[in-house]
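All remarks here apply to the structure that follows.
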Amino acid sequence: ETLDKGLEKSKSSFFSRLSKAVVGKSRVDDEVLDDLEEVLVTSDVGVETTLKIIERIEARVARDKYVGTDQLDSILREEIAGLLAETHHGEATEFEVPRVDGPYVIMVVGVNGVGKTTTIGKLAHQFSKQGKKVVLGAADTFRAAAIDQLQVWADRVGVPLVKQKMGSDPASVAFDTLSAALKQHADVVLIDTAGRLHNKVNLMNELTKVKRVMQKVVPDAPHEVLLVLDGSTGQNAFEQARQFTKATEVTSLAVTKLDGTAKGGVVIGISDQFRIPVKYIGVGEGIEDLQVFNKLEFVDSFFN
Ligand code: GDP
């Protein structure tokens, strides 16, 4: 079964589709570029970013007169690495948070089912592994299951969770969480928030209120607004990024479920289109299955 899965994945991998697109052709011409465009779009790179990449390659072809299809792989790698470098400054390899006065507050947003709770649990695990004091806040008060799930992760990692009962005011939970974190001299706070997209105005109002109330306790909170997206959902992930960036100022992204898909293209398109760096990638359901995003490693794995 594992072998089948592996084959499935390699069959549809970016590299194999790229190879198919250029088979029997020696030079990069309009036809190859059309095929390449299709491969990029179907890899979830997104239309806008795909066109940008195609235009850059066209410009190269025009300049160099002849570009062989054997060069396409390395040219694409260069272009994609270049795109990622525009939003991903630096080369983080460790789970780390900057030093701030008081706790470093990360507000986590995203719709249900994308892996928000799991990502919070994995992050809590990484930070506490380094000896940091972590406090979680269950400000997604809309679903009882969300609070319960977060409690399961808090227990597993061994960190405190601040919660109230279902239906309570998320801003009040956030306030309590930061107050507790201050009292306990916590280093990192992770606040789960509700991600119901059925009403954009409500979402915006709720997130704005949570922020405002947090700032009564920690004036520069949240230091980070982390949007969690499911990397296997393609266009949905783009749409969610659009909605959340309209509702609040998103500072970083976590893209989950990149283990089950050959479509890591979402990472390229979303970071380019929204100018937000991908900070973490989820590669499984286990507690260790979260990685700090590394653009060079990513480009390598995308082409393999
Ligand atoms: P939430 O509703 O956004 O909080 O989503 P959850 O954290 O409950 O995750 C939803 C499902 O996705 C669960 O079954 C998780 O185990 C699974 N999940 C989360 N992250 C990943 C990942 O990186 N890879 C895989 N394969 N599954 C994941």
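The values are calculated or read from the model by the stated rules, or taken from the named source; none is laboratory data. Model, not experiment: these values are computed from the prediction. Positions of Cβ are backbone-derived with ideal geometry, glycine not excepted, and every protein chain shown enters the neighbour counts. These accessible areas exclude ligands, DNA and RNA; they are computed on the full protein's heavy atoms, side chains included. Shrake-Rupley method; radii C 1.70, N 1.55, O 1.52, S 1.80 Å.
Pop the C-beta distance of S16 and E249 into the FRET formula with R0 = 45 Å and round what comes out to the nearest 0.05.
The pair S16/E249 has a calculated efficiency of 0.70.
Taking the Cα centre of each part, how many Å lie between the stretch 100-141 and the stretch 270-302?
17 Å
With every protein chain present, what accessible area does L83 have (1.4 Å probe, heavy atoms only), rounded to the nearest 10 Å²?
Surface open to solvent at L83 totals about 0 Å².
Hey, can you rank 44-50, 62-68 by average C-beta count inside 10 Å, highest first?
The peptides rank, most packed first, as 44-50, 62-68.
Over the chain, give the accessible area per residue in Å² for a 1.4 Å probe, as an integer.
Per-residue value: 46 Å².
Nearest 0.05, what FRET efficiency do R212 and D148 give at R0 = 30 Å with Cβ-Cβ as r?
For R0 = 30 Å, the calculated efficiency reads 0.65.
Order these peptides, 288-298, 246-256, 105-115, by their mean beta-carbon neighbour count within 10 angstrom, highest first.
105-115, 246-256, 288-298
Ranking request for peptides 90-99, 121-130, 215-224, 15-24: highest mean number of other beta-carbon atoms within 10 Å first, then the rest in descending order.
Result, highest mean first: 121-130, 215-224, 15-24, 90-99.
Once you compute Rg and the Kirkwood Rh from C-alpha atoms, what is the Rg to Rh ratio for the stretch 258-304?
So for the stretch 258-304, dividing Rg by the Kirkwood Rh gives 0.95.
Modelled label-to-label distance, E78 and Q164, 7 Å Cα→beta-carbon offset: nm?
5.7 nm
Sequence-distant or interchain residues sharing an amide H contact under 5 Å with V105, placed H: which?
Under 5 Å from the amide H of V105: V189, H223, E224.
Can you list the HN-Hα couplings for the stretch 225-238, worked out from phi with the Karplus curve (6.51, -1.76, 1.60; θ = phi - 60°), rounded to whole Hz and with x for Gly and Pro?
Working through the residues one at a time gives 10, 9, 8, 9, 10, 8, x, 8, 9, x, 4, 4, 4, 4 Hz.
Hey, if we sort D272, D187 by accessible area with the 1.4 Å probe, largest down, what's the order?
If we order D272, D187 from most to least accessible, we get D187, D272.
Taking the Cα of E94, stepping 7 Å toward and past its beta carbon, and measuring to each backbone N in the stretch 261-304: which are under 14 Å?
292
Hey, how many Å between the Cα centroid of the stretch 157-217 and the Cα centroid of the stretch 23-58?
Cα centres, the stretch 157-217 to the stretch 23-58: 44 Å.
Provide the descending list of Cα extents for the stretch 196-263 along its principal axes, expressed in whole angstroms.
The Cα atoms of the stretch 196-263 stretch 44, 24, 14 Å along their principal axes.
If the only charges are +1 at each Lys and Arg Cβ and -1 at each Asp and Glu Cβ, what is the size of the charge dipole of the chain around the Cα centre, to the nearest 20 debye?
1080 debye
What 222 nm value per residue comes from the helices of the chain, counting each DSSP H run with n ≥ 4 as -39,500 (n - 2.57) and dividing by all residues, nearest 500 deg cm²/dmol?
-16000 deg cm²/dmol
I need the phi-derived Karplus couplings for the stretch 207-212: 6.51 cos²θ - 1.76 cosθ + 1.60, θ = phi - 60°, integer Hz, Gly and Pro marked x.
5, 5, 5, 4, 4, 4
Once the Cβ-Cβ distance between S172 and K133 is put in as r, and R0 is 35 Å, what FRET efficiency do you end up with, to the nearest 0.05?
0.95
Which percent of Cα pairs goes in each bin when the distances of the chain are cut into 10 angstrom slices starting at zero?
The percentages, shortest bin first, are 6, 27, 31, 20, 11, 5, 1.
Under 5 Å between amide hydrogens, which residues at least 5 positions from D230 or on another chain qualify, with H placed 1.01 Å from N in the peptide plane?
Those qualifying (amide H under 5 Å, at least 5 residues apart or on another chain) are T256.
For N236 and D155, calculate 0.36 nm times their separation in residues minus their Cα-Cα distance, and state this gained length in nm to one decimal.
Full extension from N236 to D155 adds 26.0 nm.
For the stretch 173-304, what value does the Rg/Rh ratio take when both radii are computed over Cα atoms and Rh is the Kirkwood radius, given to two decimals?
Here Rg/Rh amounts to 1.00.
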